[in-house]
Structure formats: structure tokens, C-alpha cells
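**Q** Encoded as C-alpha cells, here's the structure I'll be asking about.
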Amino acid sequence: MKIYGDLNSGNCLKVKWVCDLLGRSYDWIAIDTLKSETRTADFLAINPAGQVPVVVFEDGRALAQSNAIIRHLARDSALIPEDPWLAAKMDEWLFWEQYSHEPYVAVCRYQMVYLGKAAGDLDPEKVRRGHAALALMERHLADKTFLVGEALSLADVALLAYTRMAPEGGFSLADYPALQRWIAVSERALALPPSAA
Ligand SMILES: N[C@@H](CCC(=O)N[C@@H](CS)C(=O)NCC(=O)O)C(=O)O
């Protein structure tokens, strides 16, 4: 299996973390998104959407979209709750992450880290919606260890990717103690080095 990805991308790290945790072997093909390596004819032949991550399996079939990939890779594993209701709640978080979290938290980080924007120059609406996403997670996690059920699931993997990087996008986590606790627990479960957050 080949994973085309950029290690600076939370979406790509989700895929790497799931493979590492499940002991799946893979070749990591480094794609530099900042050098537009997602726009070459060869890359577009693999993923016409021109985005990483994309995985090419042994039989040549390709799968894009980080949350679709991790859902496929983790099928039949403990990262997806057996209980159908809890699995659906996990999916609720995966869709929410892509529509209500990543477009704000990850985009602000991208603009600050890679485009050199100052925090004060970020679009205030993006900042407001990023904080709204973090606050929703904070309320949910106030009395819980993990987002769904009693164990790490793909919901935690997907949300961890950009939440642990939120400070790089100008989102201080100082006022989010439950989030900080959850980040530390999830990082330990994934055997990741603790983030600065
Ligand atoms: N919804 C997609 C988003 C993928 C995405 O935005 N990828 C970015 C890196 S995080 C990318 O490839 N950007 C380069 C480009 O658009 O050319 C997913 O979850 O995989």
C-alpha cells in the first residue's frame, strides 16, 4: 500500500497514525503541497481532486478523503465501535470535523504557518467559528475521556489531528482544560510524542 501524503498535513497524519497503530505496512510517498506537487499530471491521474492524502492499494485502486481512508483501513478494528449506534456517533464526529472544525482551525493554522499571516490578520469569522468548534468539543469532553464510548475511536483520531495544532493557528487552548486532557490521553493512546498544547 502506498500513502501519498504531506507530514505537515493533519489530514495526512490521520492516515499515518491509523496505519502505525494497526501495524499496517505502507510506503510513504512524500508530496509537498506547498510546491504544488498535488497538481502534476501524474498526481492528478491518481487523485483528480488534486489533494493528499490518497492511498493506492496493492491492486491499484486509489482512495482519497482522509476520513474515508481511515474508516476503510480501520474496518474490523477496535477503532470503530462494534455497537451500531456508537459507530454512527463516531461518523457524526467525522462529518462534523470536515465541515465545522477543519475549515476554520486548520485553515487559520495554514494561513499563519505557511502563508505567514499574523493572528490579527486572520478572518475574524474563521476565528469565531474555530473557537465555536473547540468550545463544542470542550463541553462534550467535560465529563468524558474519549469522544465516543469508553475507548479511542476514529472520532478521536480525526479530531486530534488539527486540534493539537490549534495553537499554531492562533487558538490558545488555555481556556479548554478538557480538550488539553483529551489531547494528552489520545496522544498517549496513539503513542505520539506529547504536543506543546
Ligand atoms: N477533505 C479532504 C481534504 C484534503 C486536503 O485539503 N488536502 C490538502 C492538504 S491538508 C491538500 O492536498 N492541499 C493541496 C492542494 O489542494 O493542492 C480530506 O480530508 O482528505
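**Q** Which residues, taken from segment 49-60, are exposed (fewer than 14 other Cβ atoms within 10 Å of the Cβ) and closer than 23 Å to Ser36 by Cα?
**A** Answer for segment 49-60, where residues must be exposed (fewer than 14 other Cβ atoms within 10 Å of the Cβ) and closer than 23 Å to Ser36 by Cα: just Ala49.
**Q** Of all residues in segment 22-37, count the ones that are touching a residue at least 24 places away in the same chain (Cβ under 8 Å) and surrounded by fewer than 19 Cβ atoms within 10 Å (Cβ to Cβ).
**A** Looking only at that region, the number is 11.
**Q** If I go through segment 38-48 residue by residue, how many of them are more than 21 Å from Val113 (Cα to Cα), surrounded by 14 or more Cβ atoms within 10 Å (Cβ to Cβ) and β-branched (Val, Ile, Thr)?
**A** Here the count works out to 1.
**Q** So, one more: Report, ordered by the first and then the second residue, all pairs with beta carbons closer than 7 Å, sequence separation of six or more or different chains, a first member in segment 167-186 that is within 13 Å of Glu138 (Cα to Cα), and a second member that is polar (S, T, N, Q).
**A** What qualifies is Leu173/Gln180; Leu179/Thr163; Ile183/Thr163; Ile183/Ser195.
**Q** Could you check, for segment 76-87, whether at least one of its residues is within 18 Å of Val18 (Cβ to Cβ) and of a type in the set (Val, Ile, Thr)?
**A** There is at least one residue in segment 76-87 that is within 18 Å of Val18 (Cβ to Cβ) and of a type in the set (Val, Ile, Thr).
**Q** Quick check, is Ala155 on the phi < 0 side of the Ramachandran plot and modelled with pLDDT under 95?
**A** Answer is no for this residue.
**Q** Here's a follow-up. Considering only residues that are of a type in the set (Lys, Arg) and within 16 Å of the ligand (Cβ to nearest atom), which ones fall in segment 85-108?
**A** Answer for segment 85-108, where residues must be of a type in the set (Lys, Arg) and within 16 Å of the ligand (Cβ to nearest atom): there is none.
**Q** Further question on the same structure: Helices (runs of 4 or more DSSP H) wholly in segment 38-122 with at least 3 residues that are in contact with an Asp or Glu (Cβ under 7 Å, 6 or more places away or on another chain) and touching a residue at least 12 places away in the same chain (Cβ under 8 Å) - which ones?
**A** Counting at least 3 such residues, we get 102-113.
**Q** For segment 17-56, which residues satisfy the criterion of being touching a strand residue (DSSP E or B) at 6+ places or on another chain (Cβ under 7 Å), within 14 Å of the ligand (Cβ to nearest atom) and within 23 Å of Leu79 (Cα to Cα)?
**A** Val52, Pro53, Val54, Val55
**Q** So, one more: Which is at pLDDT 95 or above and assigned to a helix (DSSP H, G or I), of Val148, Val127?
**A** The conditions single out Val127.
The values are calculated or read from the model by the stated rules, or taken from the named source; none is laboratory data. The model shown is predicted, which means the values in this text are computed figures rather than measured ones. Note: ideal-geometry Cβ built from the backbone for every residue, glycine included; neighbour counts use all protein chains shown.
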